[in-house]
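Okay, structure first, notes after.
The values are calculated or read from the model by the stated rules, or taken from the named source; none is laboratory data. Note that the structure is predicted; figures quoted are calculated from it, not measured. Ideal geometry is used to build each Cβ from the backbone, glycine not excepted, and the neighbour counts take in all protein chains shown.
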Amino acid sequence: MARPKKPGKARANKIHALKLPDQRRLDPAIKALFAKFVEKLGFVPNVFRSYTLRPGRLEHFRQYNNELMLGDSGLTKLEREMIAVVVSSVNLCHYCLVAHGAAVRVLSGDAHLGDQLAANYRAAKLPGRQRAMLDFAWKLSESPALIEESDRTALRRAGFSDEDIFDIAEVAAFYAASNRLASAVDARPNAEYHDMGR
């Protein structure tokens with residue numbers, strides 16, 4: 001039986017399957033944004049490096065992502081990250097499972113929650129509100145055409161407003177799209193994510 005080959009340095013440091021522009025020749029505004037990421041996080045998330053292929057869309061993506069995940073909502077930041085993990089679990093998105101699993105660990109202070117949500121959110125001990133939210137996000141991701149009024153009613157019974165239901169759906173839809181893009185280009189999570197919140 002042949003031994004598996006060890007990944008070479010180029011493979012181990014690979015961001016994804018597409019060739020990105022030379023990072024030294026990026027627009028000054030993108031370099032400044034990346035410097036802010038390094039200052040705040042210690043690294044530039046590879047999802048943003050990916051957008052150097054389409055630099056005109058980078059700022060739009062960043063602003064939309066920030067508004068969706070940090071903007072005014074009845075959902076907490078943690079709940080939005082939980083949705084991202086569960087949607088990514090349905091779609092088997094390696095990048096998003098690792099990146100958003102790390103965010104769940106950091107925001108919750110629970111070193112296990114991100115992994116539980118990634119493997120099977122139903123196994124995690126969650127309040128009924130969050131369980132209803134994740135049941136909806138899972139169904140919307142797995143079989144969107146089967147969403148019906150009873151699904152929205154279950155969210156209302158769990159205490160979500162119609163604005164909250166829209167937010168749950170929008171976060172789930174955003175990560176369904178992000179998962180597909182990450183999978184299409186074989187995006188790799190930054191190594192730093194693996195140790196966050198542990």
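When GLU170 is tested against the conditions (1) part of a helix (DSSP H, G or I); (2) under 24 Å from ARG49 (Cβ atoms), the lone failure is (2). Taken over the range 175-198, the criterion of being under 16 Å from LEU134 (Cβ atoms) and either touching a Leu at 6+ places or on another chain (Cβ under 6 Å) or among the aromatic types (Phe, Trp, Tyr) (or both) is satisfied by TYR175 alone.
Among all residues of the range 43-52, there is at least one that is in contact with a Ser or Thr (Cβ under 9 Å, 6 or more places away or on another chain) and closer than 20 Å to ALA177 by Cβ.
Whenever a residue of the range 140-166 is among the hydroxyl-bearing types (Ser, Thr, Tyr), its partners that are surrounded by fewer than 16 Cβ atoms within 10 Å (Cβ to Cβ), lying with C-beta atoms within less than 9 angstrom and at least six residues away or across chains, give the pairs SER161/GLY74.
If you go through the range 78-105 and keep only what is of a type in the set (A, V, I, L, M, F, W, C), within 25 Å of ILE15 (Cβ to Cβ) and surrounded by fewer than 18 Cβ atoms within 10 Å (Cβ to Cβ), you end up with just LEU92.
Yes/no matrix, rows are residues, columns are (1) out of contact with any Leu (no Cβ under 6 Å at 6 or more places or on another chain); (2) in a helix (DSSP H, G or I); (3) closer than 19 Å to SER143 by Cα:
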{"site": "SER73", "(1), (2), (3)": "yes, no, no"}
{"site": "VAL87", "(1), (2), (3)": "yes, yes, yes"}
{"site": "VAL90", "(1), (2), (3)": "yes, yes, yes"}
{"site": "LEU97", "(1), (2), (3)": "yes, yes, no"}
{"site": "ALA102", "(1), (2), (3)": "yes, yes, no"}
{"site": "LEU107", "(1), (2), (3)": "no, yes, no"}
{"site": "ASP115", "(1), (2), (3)": "yes, yes, no"}
{"site": "TYR121", "(1), (2), (3)": "no, yes, yes"}
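Screening TYR175 against (1) within 12 Å of the chain's Cα centre (by Cα); (2) of a type in the set (Phe, Trp, Tyr); (3) not in a helix (DSSP H, G or I) leaves a single unmet condition, (3).
Inspection of the range 128-140 finds a residue satisfying the criterion of being among the small types (Gly, Ala, Ser), part of a helix (DSSP H, G or I) and surrounded by 17 or more Cβ atoms within 10 Å (Cβ to Cβ). Residues that are within 27 Å of ASP186 (Cα to Cα), without any contact (Cβ under 8 Å) to a residue 60 or more places away in the chain and of a type in the set (Phe, Trp, Tyr) occur at least once in the range 121-129.
Among the residues of the range 1-21, those that are modelled with pLDDT of 50 or more, of a type outside the set (Val, Ile, Thr) and under 25 Å from ARG180 (Cα atoms) comprise ASN13, LYS14, HIS16, ALA17, LEU18, LYS19, LEU20, PRO21. Within the range 47-63, the set of residues being within 17 Å of the chain's Cα centre (by Cα) and surrounded by 13 or more Cβ atoms within 10 Å (Cβ to Cβ) comprises VAL47, PHE48, ARG49, SER50, TYR51, LEU58, PHE61, ARG62.
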